[in-house]
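Participant: Below you will find the structure I want to go over with you.
Throughout, read-outs are computed from the coordinates displayed, never taken from laboratory work. A quick note: this is a predicted structure, and the numbers were derived from the prediction, not measured. Cβ sites come from the backbone with ideal geometry, for glycine too, and all protein chains shown count toward neighbours.
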Amino acid sequence: MNKEMTQGKCYSCQGIFPKNQMAKHLETCLPVPKTRLTVGQVGTQTGMQKQPAEAEVPCQRTFRILAEGHYQPEYWLYFEIPAEAKFSGIDRFLRKTWVECCGHLSAFKSNPTLPSPIGKSRPLGGILNPGMKFYYEYDFGSTTELALKVISEQESDFKGKSIRLLARNEQLLMKCEKCDKPATRICAQCINDNKGWLCDNCAPEHECGEDMLLPVVNSPRVGVCGYTGN
Ligand SMILES: [Zn+2]
Ligand SMILES: [Zn+2]
Ligand SMILES: [Zn+2]
Ligand SMILES: [Zn+2]
């Protein structure tokens, strides 16, 4: 599997694109809204040539961000969030979408090897810049590590949304290690050795026991702790 070429869906047009083309696609699929007209610009033309004023678009400064598994870049998503939002907003979004199993602790870091986290109550706008990378850790025991990158900053027609999922990788097709059929379960023990993908037929015979098996879900936390994607 070429991890940079895994396919994903753009939720704006439902189009399917490889990971390495999605950022470019989003630029054209989600164009920057027309600049707001100020009061001074409207009606400065006189007489019959006066153009109808364009409807004013409520705009907000936002960041578009790519999140991916730090060591599993085949799991990825793009989201957009207002600059005035806090890191806690990204935390809630990542938990809900990708990692929450049993309420573990989490942290953001600007450097994954340093212990000091970025405070979750800090607004994004004071810290993030286009091109900047930062990191997210969920569960300090069986940690899921995510890498995030600010793709762009723009004025966006956001209509009061707190966060918006723009695109996400399609479910990866893993094969059963016994019979090559599509895997539906993963063994929470064997995944540590990059094994343990099983289909429904082969799952009951797995040597670790059915209690160790978790559903195959579209997340970098698949097969870890009790993660089921619900
Ligand atoms: Zn699109
Ligand atoms: Zn857990
Ligand atoms: Zn099988
Ligand atoms: Zn096993």
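Participant: In the range 112-146, what residues are exposed (fewer than 12 other Cβ atoms within 10 Å of the Cβ) and within 21 Å of Ala23 (Cβ to Cβ)?
Facilitator: Asn129, Gly131
Participant: Are any of the residues in the range 79-102 in contact (Cβ under 8 Å) with a residue 60 or more places away in the chain and touching an Asp or Glu at 6+ places or on another chain (Cβ under 6 Å)?
Facilitator: no
Participant: I'd like the full set of residues that are touching a Pro at 6+ places or on another chain (Cβ under 6 Å) and under 24 Å from Asp139 (Cα atoms), limited to the range 54-105.
Facilitator: Matches in the range 54-105: Gly69, Gln72, Tyr75, Lys86.
Participant: Counting only residues that are more than 9 Å from ligand 3 (Cβ to nearest atom) and crowded, with 16+ Cβ neighbours inside 10 Å, which one in the range 171-183 is farthest from Val217 (Cα to Cα)?
Facilitator: Taking the candidates together, the pick is Met174.
Participant: Is there any pair linking a residue in the range 119-132 that is within 13 Å of Pro82 (Cα to Cα) to one that is surrounded by 12 or more Cβ atoms within 10 Å (Cβ to Cβ) and acidic (Asp, Glu), with Cβ under 7 Å and at least six apart or on different chains, and which?
Facilitator: Pro123/Glu84; Gly125/Glu84
Participant: Mind checking which residues of the range 187-223 are more than 9 Å from ligand 4 (Cβ to nearest atom), closer than 17 Å to Leu172 by Cβ and not in a loop (DSSP other than H, G, I, E, B)?
Facilitator: The answer is Trp197, Leu214, Pro215.
Participant: Further question on the same structure: Taking the range 70-111, which residues are of a type in the set (Asp, Glu) and crowded, with 16+ Cβ neighbours inside 10 Å?
Facilitator: Within the range 70-111, Glu74, Glu80, Asp91, Glu100 qualify.
Participant: Another one. Pull out all pairs, ordered by first then second residue, where Cβ-Cβ is under 7 Å, the residues are six or more apart or on different chains, the first lies in the range 190-206 and is within 11 Å of Cys179 (Cβ to Cβ), and the second is of a type in the set (Ser, Thr, Tyr).
Facilitator: Cys199/Thr184; Asp200/Thr184
Participant: Just checking, does the range 85-97 include any residue being small (Gly, Ala, Ser), farther than 19 Å from Ser152 by Cα and not in a loop (DSSP other than H, G, I, E, B)?
Facilitator: yes
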